[in-house]
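The values are calculated or read from the model by the stated rules, or taken from the named source; none is laboratory data. These numbers were taken from a predicted model, which means no experiment stands behind them. Cβ sites come from the backbone with ideal geometry, for glycine too, and all protein chains shown count toward neighbours. In case anyone asks, the SASA skips ligands and DNA or RNA and just uses the protein heavy atoms, side chains included. Shrake-Rupley method; radii C 1.70, N 1.55, O 1.52, S 1.80 Å.
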Amino acid sequence: MEDMIFYDRLQFAFTITFHYIFPQLTMGLSLIIVFLKWKYLRSNVEKYNNAAKFLMKIFAINFTMGVVTGIPMEFQFGTNWAKFSELTGGIIGQTLAMEGMFSFFLESSFLALFIFGEKLMGQKLHFITGFLVFLGSWASGWFILATNAWMQHPVGYEILENGKFVLNNFGALFSNPWLLPAFLHNQMASVVTSSFVVAAIGAFYVLRNKQVEYGKLFLKIGVIFGLVSSLLVAFPTGDWNAKNVAKYQPAAFAAMEGIFETEHAGAEIVLIGQPNMVEKKLDNKIAVPNILSFLTYQEWDKQIIGMDKFKEEELPDNVPALYYSYHIMVGLGTIFIGVMLLAFFFLWRRKLYNLKPLLWTIMFLVPFPYIANITGWYTVELGRQPYLVYGLLKTSDGISPTVSSGNTLFTLLGFVALYMLLGLLFLVLVGKTINEGPNSKTH
C-alpha cells in the first residue's frame, strides 16, 4: 500500500510540476501584453504593438505546452486517484468543468483571434481580444484555485451515507476564506515570473546590441512589473496566506516554520536551520526572537503552537520537505525584491542599460521565479498531508486500489521521457522566437 501511495504521489507531483512551468508564465504575461496593447492605443507608437504581438507568440507556445501537459493530469484523477474522484467528484468536478468550459475556451478562442485577426478586426477589437485572453487565463487560475481551496479548507458540503461529498452551498465554493488570498498570491507570483522573463529578454537584446529599442522597453516594463509584483507577493498576499495557514492548518504552520516546541512567550522566526526529526529540533539554527508572533498576530509575545502539541498522525508526513520548500520560496522572494529594487533604482537614474553585471544577473535569474512558484505549491500541498481533503479524507483513502505500483512507475518513466522531448521542443521554439525578436516579419 505504501509503495502505491508513494508512486501515485510521485507521478502526480512530476506531471503537475512540469505542467506548471507553462501556466505561471501565461497568466502573468497576458497582463503585460494587455498593458502594451493599451499603451499602443494611447500613444500610437508602433513598438508597443510589435512588442505585444511578439510576447503573444511566446504566450501561445506556453499555452500549447500547458494544454498538452495538463491533459494527463485529468486522466490521473481516474486512473491513480479513482476513489478520490468517486468521493469528491460532485464538488471538484464542478469547478474543474467550469475551468474547462469557460476559461479554457475563452482563452484559446481569443488567442487565435489576437494572433491572426488584427487586420480584420482593427486595433480596438484587437485590444479587446487580448483583454479576453488575459481574462480567460486568470479565470482559469481562479477555478483551479477554487478547487484547491476546497481541498485545503472544505466548506459548503455534506457527506452522504455512502461517504460521497456533495455541495449544499454552491456559493461557499467561491466565498471560501482560503480562496481569495491564495488566488491573489498565486497570480502575483505568476507576474513575477513573467516580469523576470520579459526583463531577461530585454537584457539579452541590450547585451547583444540587437534590437536595442525593444531591449530597453522590455527591461523597463519587466523591472517595473517585477518590483510591484515581488512586493505584493510578500505583502499583503503572502502575509494573508500565512495567517490562513496558522488559523486553519496550525500543524502545517508549525512544520513549515520549524517550530518543534510551543513557545509561550513569543515565537522566533527561523532564518536558517535544518530539521532534526530524531531529536525534534532545528540544527544550526539562526533565528530572530518574537518576530513570527508579531508577523502572525501583531503581538510580540503571542503563543504559537508547536509540533509537540499535535499527534504524529496529525502532522505533515514529510516535515523536512515542507520546511525547505517554504524557506526556499521565501528566500528567493526576498532576493527578487532586492534585485528588482536595485534595477529600478538604476532605471530611475537612467544607468540600468549600461550596467552589464546587473543585466547578466537579471538574465541568469530567470529559472528562479519558476523554482519559487513550484516550491510555493509544494508548501501548500505538503502542508495539507496526510489529507487529500484537509481533516476529512486521507491520501491513503483516495488512491485506486486496482492500479499497481509497477504500472504507475512504468507510466511515470514514460512521462519523464516524453516530457524531456517536450521540454527540448519548447526551448527550441522559444529560443527561435526570441532570436527573431519583435522586428521579425512573421508578426
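Give L382, L409, L421 a once-over and let me know the one that is within 30 Å of F6 (Cβ to Cβ) and modelled with pLDDT under 95.
Values: L382 fails: modelled with pLDDT under 95; L421 fails: modelled with pLDDT under 95.
After applying the criteria, what remains is L409.
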Legend entry - All positions within region 391-417 that are surrounded by 14 or more Cβ atoms within 10 Å (Cβ to Cβ), closer than 19 Å to I159 by Cα and small (G, A, S): S396, G398
Inset, instruction - Kindly indicate whether W240 is part of a loop (DSSP other than H, G, I, E, B) and open to solvent by 10 Å² or more (accessible area, probe 1.4 Å). - result: no
Legend entry - Cross-chain or 6+ apart pairs with Cβ under 9 Å, region 423-436 first and open to solvent by less than 60 Å² (accessible area, probe 1.4 Å), then of a type outside the set (S, T, Y) and not in a helix (DSSP H, G or I): G423/I21; F426/I21; F426/F22
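Quick test for you: out of F183, F170, F143, pick the one residue that is modelled with pLDDT under 95 and open to solvent by 10 Å² or more (accessible area, probe 1.4 Å).
Numbers: F183 fails: modelled with pLDDT under 95; F143 fails: modelled with pLDDT under 95.
Selected residue: F170, the only one of F183, F170, F143 that is modelled with pLDDT under 95 and open to solvent by 10 Å² or more (accessible area, probe 1.4 Å).
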Inset, instruction - Specify which of the listed residues (L352, L295) is open to solvent by 20 Å² or more (accessible area, probe 1.4 Å) and either at pLDDT below 95 or not hydroxyl-bearing (S, T, Y) (or both). - result: L295
